[in-house]
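Q: Below is a structure I'd like to ask you about.
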Amino acid sequence: MSESEVTRDGVRGGRPDREATTGAVRADGRQGGRRRRGRARAERAMVPDADFRSYYGMPILNPPVWTAPDIPGYLFLGGLAGASSVLGAGARASGRPGLARSSTVAALGGGLLSLVALVHDLGKPARFLNMLRVVKVTSPMSVGSWLLAGYVPLAGVAAASAVTGRLPRVGAAATTGAAALGPAVASYTAALISDTAVPAWHDGHREMPYVFVGSGATAAGGLGLVAAPLREQAPARALAVLGVGAELASVELMERRMGMTAEPYSSGTGGRYLRASKVLALAGAAGAVLGRRNRIASALSGAALVAASAATRWGIFHAGLQSAEDPKYTVVPQRQRLEEGRPATGTPTTTPTTTRTPAAPAGEH
């Protein structure tokens with residue numbers, strides 16, 4: 001039994017973290033919950049503020065094994081490719097050969113580089129091929145692997161026909177097929193990262209596809225402003241402005257709905273990337289509209305839009321890493337959901353992170 005006692009200098013003889021005195025201790029050392037009239041006495045809490053340290057100083061979640069620049073590049077290039085295919089198909093149908101050619105080439109380049117970034121992150125090409133052994137519609141990675149496997153050849157045929165002018169019917173069919181898969185290629189990576197245990201990604205699953213599609217449209221429209229002749233840029237300009245609006249509105253809605261788990265999107269490395277993205281996107285959209293009769297202004301605006309789209313993907317990637325490293329983004333939302341009678345968390349099916357076992361020593365993980 002403890003033999004502690006409360007004195008004017010505090011608790012004497014108490015065992016640490018065993019006896020928490022309820023109420024508060026006044027500045028004169030005596031316990032009490034009331035204040036004398038006419039006197040405002042400072043009070044100090046006996047129970048320390050809660051922190052979110054885990055056992056052995058380790059995060060609750062293992063950090064994602066995905067690395068930069070492979071994965072944020074993969075996210076960015078996939079969005080650029082998918083949206084460029086849609087823009088290229090529209091340009092071909094409306095008689096804009098210059099814009100159609102640059103967009104279909106951009107779609108092929110984005111698709112190939114996206115695939116290269118994914119395979120490089122996997123470490124071995126055979127691992128990508130192994131994912132094609134089965135089709136699992138509940139797995140974003142499985143669906144995405146098959147999408148890329150079907151999309152890249154179509155984009156290649158469309159680009160070859162647009163550049164050489166040969167086999168126009170085959171090229172038109174391939175262009176249409178790539179455009180049909182384009183929106184899925186641009187958005188499936190949003191489902192891929194949202195279907196994980198990373199708080200900043202998983203909690204933003206409702207708006208993330210709209211963010212990615214808007215960002216992809218921004219990049220495709222911006223690249224069209226850089227590469228296409230000035231007289232053919234109207235569809236690229238419209239797509240870029242529409243993409244900027246969709247991206248910025250979706251990010252704003254996502255952050256408001258997510259609450260505290262959205263903090264990494266406005267702080268740290270992720271916050272810096274996203275702030276830069278917003279500035280570049282607004283400047284690029286304004287330049288695209290105001291400088292539509294000037295070739296240099298259009299090109300500079302387009303470059304700013306492409307950079308804005310890339311910064312968005314890098315910002316979202318780093319925000320996810322930050323949220324996985326800080327235990328509070330896992331603990332606090334779970335407690336809130338439990339208090340509200342909701343499930344503590346979702347059940348992601350593709351998890352680059354796993355929950356650590358708190359009771360195990362660090363060397364056993």
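The values are calculated or read from the model by the stated rules, or taken from the named source; none is laboratory data. Treat the numbers as computed from the prediction; the structure is a model and nothing was measured. Cβ: placed from backbone, ideal geometry, glycine included. Neighbour counts: every protein chain shown. Keep in mind that these areas ignore ligands, DNA and RNA; they rest on the heavy atoms of the full protein, side chains included. Shrake-Rupley method; radii C 1.70, N 1.55, O 1.52, S 1.80 Å.
Q: Which net charge results when you count Lys and Arg as +1 and Asp and Glu as -1 among the other residues whose beta-carbon is under 13 Å from that of GLY320?
A: -4
Q: On to the next question. Within a Cβ distance under 14 Å of LEU118, other residues only, what is the Lys/Arg minus Asp/Glu net charge?
A: Summing Lys/Arg as +1 and Asp/Glu as -1 gives +1.
Q: Quick one: putting +1 on the C-beta of Lys and Arg, -1 on the C-beta of Asp and Glu, what dipole do you get for the stretch 276-331 around its Cα centre, in Debye to the nearest 20?
A: 400 debye
Q: For LEU129 and VAL163, compute 0.36 nm times the residue count separating them, minus their Cα-Cα distance, and round to one decimal in nm.
A: 9.3 nm
Q: Sort the following peptides by mean Cβ neighbour count (other Cβ atoms within 10 Å, averaged over residues), highest first: 124-133, 235-244, 147-156, 324-333.
A: Taking the mean over residues of other Cβ atoms within 10 Å, the ranking is 235-244, 147-156, 324-333, 124-133.
Q: Could you report the accessible area of HIS202 in Å², rounded to 10, computed with a 1.4 Å probe on the protein chains as they sit in the structure?
A: Estimated to the nearest 10 Å², HIS202 gives 40 Å².
Q: Would you kindly state how much longer the chain becomes between ARG292 and LEU242 on full extension, computed as 0.36 nm times their sequence separation minus their alpha carbon distance, in nm to one decimal?
A: Taking ARG292 through LEU242 to full extension adds about 16.4 nm, to one decimal.
Q: If you don't mind, another one. So how do 262-268, 107-113 stack up, highest first, on mean other-Cβ count within 10 Å?
A: 107-113, 262-268
Q: How big is D, in µm² s⁻¹, for the stretch 70-327 by Stokes-Einstein at 37 °C and 0.692 mPa s if Rh is the Kirkwood radius over C-alpha pairs?
A: Answer, rounded: 181 µm²/s.
Q: So what is the relative contact order of the stretch 70-327, in percent, for Cα pairs below 8 Å that sit 6 or more residues apart?
A: Relative CO of the stretch 70-327 lands at 22 percent.
Q: Under 29 Å from the Cα of LYS136, which lysines turn up, not counting those fewer than eight places away in the same chain?
A: Counting by Cα, and skipping residues close in sequence, LYS136 has these lysines nearby: LYS124.
Q: Provide the net charge surrounding SER103, with neighbours chosen by a C-beta distance below 15 Å and charges set as Lys +1, Arg +1, Asp -1, Glu -1.
A: Residues near SER103 contribute +3 overall.
Q: So for the pair ALA172, ASP70, with labels modelled 7 Å out along Cα→Cβ, what separation do we get in nm?
A: 4.2 nm
Q: Can you tell me the relative contact order of the stretch 189-343? Whole percent, Cα pairs under 8 Å, sequence separation 6 or more.
A: Answer for the stretch 189-343 is 28 percent.
Q: Students often get this wrong: which residues of the stretch 156-182 have the backbone nitrogen under 19 Å from the point 7 angstrom along Cα-to-C-beta of ALA149?
A: 156-157, 178, 181-182
Q: Right, another one. Probe 1.4 Å, all protein chains in place: accessible area of VAL213 in Å², nearest 10?
A: Ignoring ligands and nucleic acids, VAL213 comes out at about 70 Å².
Q: Quick check on packing: order 281-294, 174-187 by the mean number of other C-beta atoms within 10 Å, highest mean leading.
A: 174-187, 281-294
Q: If you put +1 on each Lys and Arg Cβ and -1 on each Asp and Glu Cβ, how big is the dipole of the stretch 70-327 around its Cα centre, in Debye rounded to 20?
A: In debye, rounded to 20, the stretch 70-327 gives about 1060.
Q: For the charge dipole of the stretch 70-327, defined by +1 on Lys and Arg C-beta atoms and -1 on Asp and Glu C-beta atoms about the Cα centroid, which residue among GLY109, LEU300, THR175 has the Cα displaced farthest towards the positive pole?
A: Among GLY109, LEU300, THR175, the one farthest towards the positive end of the dipole of the stretch 70-327 is THR175.
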